[in-house]
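The values are calculated or read from the model by the stated rules, or taken from the named source; none is laboratory data. No experiment lies behind these values; they were computed from the predicted model shown. In this analysis, Cβ positions are derived from the backbone assuming ideal geometry, glycine residues included, and neighbour counts consider all displayed protein chains. Surface areas here come from the heavy atoms of the whole protein model, side chains and all, with no ligands, DNA or RNA. Shrake-Rupley method; radii C 1.70, N 1.55, O 1.52, S 1.80 Å.
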Amino acid sequence: MNIIVCIKQVPNTSEVKINPETKTLIRDGVESIINPDDKNALEAALELKDKTGAYVTVLSMGPMQAKDALLEALAMGADKAYLISDRKFGGSDTWATATILAAAIEKIGKFDLIICGRQAIDGDTAQVGPEIAEFLDIPQVTYAKKLELDGGKIRVKRFCEAKDYEFEVGLPALVTAIKELNTVRYPCVKGIFKVYNNEEDMIEVLTFDDIVVDASQIGIKGSPTNVH
């Protein structure tokens, strides 16, 4: 079984500041972390790996400093990581970001399950995961608080304010995770040692030239939404 987990490196602060000229986040001088919901997504994948021997690939789009988030994910137990990084991707909104990530997933190849965090703390849109599913034309279940594998299907308990709903979905599919799904593990010493001694082999960087994507659909110019 091949599982892809999408993670994002986000500022570890509640006071996010916007560059008044570019309308993008100011990240200089701000500590960065793996987005909390994305950690729950990663933990869900690692739990399936523990049970079934699944191969877990972690994917992130961002500047080169996002390698730190991927290294942490690898130290937690992921098998392979890809960083999607190119100046042409800068300023992408959720639509453009999902376009890029979907193209990167197609480049990586066969997958059975994609798990994303519900939303990122720096944007709070909860749009990227569902948009990836639409671009890849696969079923999706969002706000998962319980996830089980049943042969070629997954069973998901989806959180809603009124009551929870249970879905059975055929694979391949995409699920977005919330914090109630699990308790996130810490990287182990063995994992940390392995990753930081094999960084070059475990993280592959993909640029604009490595994926098939329409340049008019990415970056600031390709983004239908922007910040005012």
*asked:* Just to be sure before I move on: is THR99 assigned to a helix (DSSP H, G or I), touching a residue at least 12 places away in the same chain (Cβ under 8 Å) and hydroxyl-bearing (Ser, Thr, Tyr) in the structure I sent?
replied: yes
*Name the pairs whose Cβ atoms lie under 7 Å apart, with the first residue in the range 181-196 and among the aliphatic types (A, V, I, L, M), the second open to solvent by 70 Å² or more (accessible area, probe 1.4 Å) and modelled with pLDDT of 90 or more, and 6 or more positions between them or separate chains?*
LEU181/LYS146
*Hey, could you check the range 130-153 for residues that are acidic (Asp, Glu) and part of a strand (DSSP E or B) and say which is surrounded by the fewest Cβ atoms within 10 Å (Cβ to Cβ)?*
ASP150
*Consider ASP124 against the criteria (1) surrounded by fewer than 18 Cβ atoms within 10 Å (Cβ to Cβ); (2) at positive phi; (3) modelled with pLDDT of 95 or more: it satisfies all of them except one. Which criterion is unmet?*
(3)
*Residue list for the range 52-72, restricted to those being at pLDDT below 95, part of a loop (DSSP other than H, G, I, E, B) and open to solvent by less than 40 Å² (accessible area, probe 1.4 Å)*: GLY62
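Just need a number here: residues in the range 188-228 that are touching an Asp or Glu at 6+ places or on another chain (Cβ under 6 Å) and open to solvent by less than 70 Å² (accessible area, probe 1.4 Å).
3
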*Taking GLN119 and the conditions (1) within 12 Å of the chain's Cα centre (by Cα); (2) part of a loop (DSSP other than H, G, I, E, B); (3) surrounded by fewer than 22 Cβ atoms within 10 Å (Cβ to Cβ), which numbered condition does it fall short on, given that it satisfies the others?*
(3)
*Specify the residue that is surrounded by the fewest Cβ atoms within 10 Å (Cβ to Cβ); the eligible residues are those in the range 73-91 that are touching a strand residue (DSSP E or B) at 6+ places or on another chain (Cβ under 6 Å) and either part of a helix (DSSP H, G or I) or among the basic types (Lys, Arg) (or both).*
LYS80
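Just to check your reading of the model, which residue among ALA120, ALA177, ALA133 is touching a residue at least 12 places away in the same chain (Cβ under 8 Å) and touching a Gly at 6+ places or on another chain (Cβ under 8 Å)?
Values: ALA120 fails: touching a Gly at 6+ places or on another chain (Cβ under 8 Å); ALA133 fails: touching a Gly at 6+ places or on another chain (Cβ under 8 Å).
After ruling out the rest, the residue left standing is ALA177.
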*Looking at (1) in a helix (DSSP H, G or I); (2) among the charged types (D, E, K, R); (3) farther than 24 Å from PRO36 by Cβ, which is the only condition GLU168 fails?*
(1)
